[in-house]
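Everything on this sheet refers to the single structure shown next.
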Amino acid sequence: METTSGTPPETAREAARRRSRRTTVAVTSLSAAVMTLDATVVNVALAEIGGEFAAPLAHLQWVVNGYTLAFAALLLTAGSLSDRFGRRGAFAAGMAVFTLASLACALAPGSGWLVAARIVQGAGAAFVFGTGPALIAGAHAGLPASARRAAMGVFAAGGAAAAALGPLVGGVLVEFAGWRSLFLVNLPVGALAIVCVLLWTLPQPRAGTGRTDAAGAVLAVGLLFALNYGLLTGSGQGWGRPDAVAALAALPVLLTAFLLVERARGREAMLDLSLFRIPTFVGAVGLSFAARVTGFGMFPFLILWLTGVVGLGPLQVGLVLLLVPAGIVLLAPLGGVAARLLPVRALMALGMALIGTGLAWAALALDPGQGWGAVAPGLVLVGVGAGVITPHMMDLAVSVVPPERAGMASGTANTFFPLGTAVGVAVFGALVSAVVGARVDEPGRVAAGDFGGLSGAAAAAAREAYVDGLALVLLAASATAFACALSSLWLIRARDAHGGGAAGPR
């Protein structure tokens, strides 16, 4: 039987599925790019935000950290809730929250408002980014695996391209339209994504109705909040503050409670702790975390050096920072070729060693009288190293677990990406504040890259103190990268590959 248009019913249904698949891939990939952009573009505007609001270093760190903290804390929970209540609805709700929070960021009257809006923005982004791969997988159910992998590749490419272009896009917007434009551009994208996913994609069956691990989610958020609040408040306003001491003192209690709850929940846990008995999985998650700590945790302080000491404008800063993610975009597609030439653990060690070498180069090249060109070769090496390891981190995580745990493994590794950035910003901020605080009269201003009002010997001393603090940050990041290079040779093992999963490491 045919429809009134003369199209066989089966063909019409297939056309609808094809349209749904294409829309799903396009919308989720565009959304992944926007989520990634919002994690990076704001770095370029830190100096302008700090100047307009007279914001202390702790607030500037939270403008970056608040987004990534909420994002990391909710990724696993977002996946669980989307399975239970529907992926399209979870995606659309997350995008609505993200879009409204973007408007709140653009209208922020002060740094406190901006930080709060960024936290809400990160929460919405977790549901968008965390649900995207599941939507793609559901849309390609019943098709050859190659079709699903190609779609996932487009999704990943969206994030990688955004990471590469983020500093440049941010620099252009801040230079010509002001920092508030960084958030206004999200409004039409968010509205379009919501309409497309609700109207032009097909409903997907719910994966299950298991209980949500609410206790685990609450404890995870509390643990991450206490960690970041303690580090940021202590580094920016003094380690003796009662709230900083209380937050850090709560960490052992929260961590213990989280581990006990997750163990008791067993297979319904938000995080299956048995995965951490697999050495290669530990290595993959650890490298995801360390790559962000070393490669992205130092970005805000490098940006403040470029603006406050070197004197570059936002657009120039964006062009300089393009040196790092450009390496990822150029080399990541060659990961499969490289894996045929060298064992994956050797590639991971090589990549982390290149990152460590680049960071050390930049640290040793820093000088108050030098321009950005002195550190450029080091930044290129960091980008090359990141390009070597990026294609393999997620594959390592999912190839060594049972197939039914691949989603949880992917979610766990994804969670440690933004968490690494958040912890890196907090720890490196503490290092910069410690160095500057011991040598200048106004450490809060100088640590935030604000040298206005200083002249003569005072200005020279402040710039030298900041450069020394940044050099210490880069050396610490370099040492971490080299330690991870050695650890990858020990942890990543071919025998960990799961028989039912993808081909494992060799």
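The values are calculated or read from the model by the stated rules, or taken from the named source; none is laboratory data. It should be emphasised that the depicted structure is a prediction, and the values quoted were computed from it without experimental measurement. All Cβ positions, even for glycine, are placed from backbone atoms using ideal geometry, and neighbour counts span all protein chains on display.
Figures for the structure shown
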{"read-out": "Test: residue in segment 112-121 that is in a helix (DSSP H, G or I), modelled with pLDDT of 85 or more, over 21 Å from the mean Cα position of the chain (by Cα) and not aromatic (Phe, Trp, Tyr)", "value": "yes"}
{"read-out": "Subset tally (residues that are touching a residue at least 12 places away in the same chain (Cβ under 8 Å), in contact with an Asp or Glu (Cβ under 9 Å, 6 or more places away or on another chain) and not in a helix (DSSP H, G or I)) for segment 8-49", "value": "0"}
{"read-out": "Residue check for Thr256: hydroxyl-bearing (Ser, Thr, Tyr) and in contact (Cβ under 8 Å) with a residue 60 or more places away in the chain", "value": "no"}
{"read-out": "For Phe53: the one exception among (1) within 25 Å of Ala191 (Cβ to Cβ); (2) modelled with pLDDT of 80 or more; (3) of a type in the set (A, V, I, L, M, F, W, C)", "value": "(1)"}
{"read-out": "Subset of segment 269-299 (residues that are aromatic (Phe, Trp, Tyr) and at pLDDT 85 or above)", "value": "Phe276, Phe281, Phe289"}
{"read-out": "Some residue of segment 327-334 being crowded, with 17+ Cβ neighbours inside 10 Å, under 15 Å from Gly387 (Cβ atoms), at pLDDT 75 or above and not assigned by TED's automatic domain parsing to the domain that holds Glu175", "value": "yes"}
{"read-out": "Residues that are touching a helix residue (DSSP H, G or I) at 6+ places or on another chain (Cβ under 7 Å), surrounded by fewer than 16 Cβ atoms within 10 Å (Cβ to Cβ) and without any contact (Cβ under 8 Å) to a residue 60 or more places away in the chain, drawn from segment 358-378", "value": "Ala376, Pro377"}
{"read-out": "Condition check for Gly94: modelled with pLDDT under 85 and of a type outside the set (A, V, I, L, M, F, W, C)", "value": "no"}
{"read-out": "Of all residues making up segment 79-109, the number that are in contact with an Asp or Glu (Cβ under 9 Å, 6 or more places away or on another chain) and not in a helix (DSSP H, G or I)", "value": "0"}
{"read-out": "Qualifying position, being modelled with pLDDT of 75 or more and either outside the structural domain of Pro314 (by TED's automatic domain parsing) or of a type in the set (Gly, Ala, Ser) (or both), among Ala406, Ala397, Ala374", "value": "Ala374"}
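Table: residues versus (1) closer than 30 Å to Leu60 by Cβ; (2) at pLDDT 80 or above; (3) crowded, with 19+ Cβ neighbours inside 10 Å.
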site	(1), (2), (3)
Arg206	no, no, no
Arg211	no, no, no
Phe225	yes, no, no
Leu260	no, yes, no
